[in-house]
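Since every read-out is calculated from the coordinates, none of them should be taken as a lab result. What you see is a predicted model, and the numbers here were worked out from it, not measured in a lab. Quick reminder, even Gly has a Cβ in these numbers, built from the backbone with ideal geometry, and neighbours come from all protein chains shown.
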Amino acid sequence: MSLLTIVTISFMVLEFSNVLALYGKPDFKYANAVGMFKAWEKSKEDPDMHDFVKYLVNWVAGTKLIFLMLLVVILIFGDEKTQIYALLALILSILTFYWKLYPLIKKMDKNDQIDPKNYSKTLGLMIFVFVLALSIAFVGSLLSI
């Protein structure tokens with residue numbers, strides 16, 4: 001099994017745990033569910049707002065599931081070149097986290113809207129490690145063709 005496959009499957013397992021948490025236990029404070037956001041609990045005070053927030057949470061989970069299923073198809077049926085460039089697309093799409101989501105979660109963390117405190121740093125580091133691992137697999141795969 002190639003490094004590309006190992007790293008991609010590892011990423012997929014973690015993302016699938018997030019999908020399960022978002023669909024099944026959004027209150028969970030682990031697996032990047034939404035329980036760490038204080039606004040999640042606050043939204044429950046307004047049923048209309050909570051339905052909207054739940055809709056968005058399920059939308060995120062569904063979108064992640066689409067990408068995971070596409071990765072499964074690419075890993076099973078895609079040739080090596082397709083897998084390598086799919087990995088590049090994955091890296092670029094993950095990096096968008098730092099454009100909009102990271103500044104927002106950092107702001108919420110600073111304003112004490114997240115429990116545990118400093119979760120934004122943990123998430124930012126975790127995503128950086130994934131991008132680094134995916135990038136190493138990408139470069140390694142490019143060098144081997």
With 20 Å as the limit, write out which pairs from Lys42/Lys117; Lys29/Lys121; Lys64/Lys107; Lys25/Lys64; Lys38/Lys110 have Cα-Cα distances beyond it, or answer none. Lys64/Lys107
Computed for the range 3-143: size of charge dipole around the Cα centre, +1 on C-beta of each Lys and Arg, -1 on C-beta of each Asp and Glu, debye to nearest 20, value 340 debye
Which loop-located GluC sites (Glu not before Pro) does the range 5-106 contain, where loop means any DSSP state but H, G, I, E or B and the Cβ has at most 12 other Cβ atoms within 10 Å? Glu45
Quarter of the surface of the C-alpha convex hull for the chain, i.e. direction-averaged projected area in nm², equals 8.8 nm²
Per the helix-only calculation at 222 nm, which mean residue ellipticity applies to the chain, given -39500 (n - 2.57) for every DSSP H run of n ≥ 4 and division by its residues, nearest 500 deg cm²/dmol? -26000 deg cm²/dmol
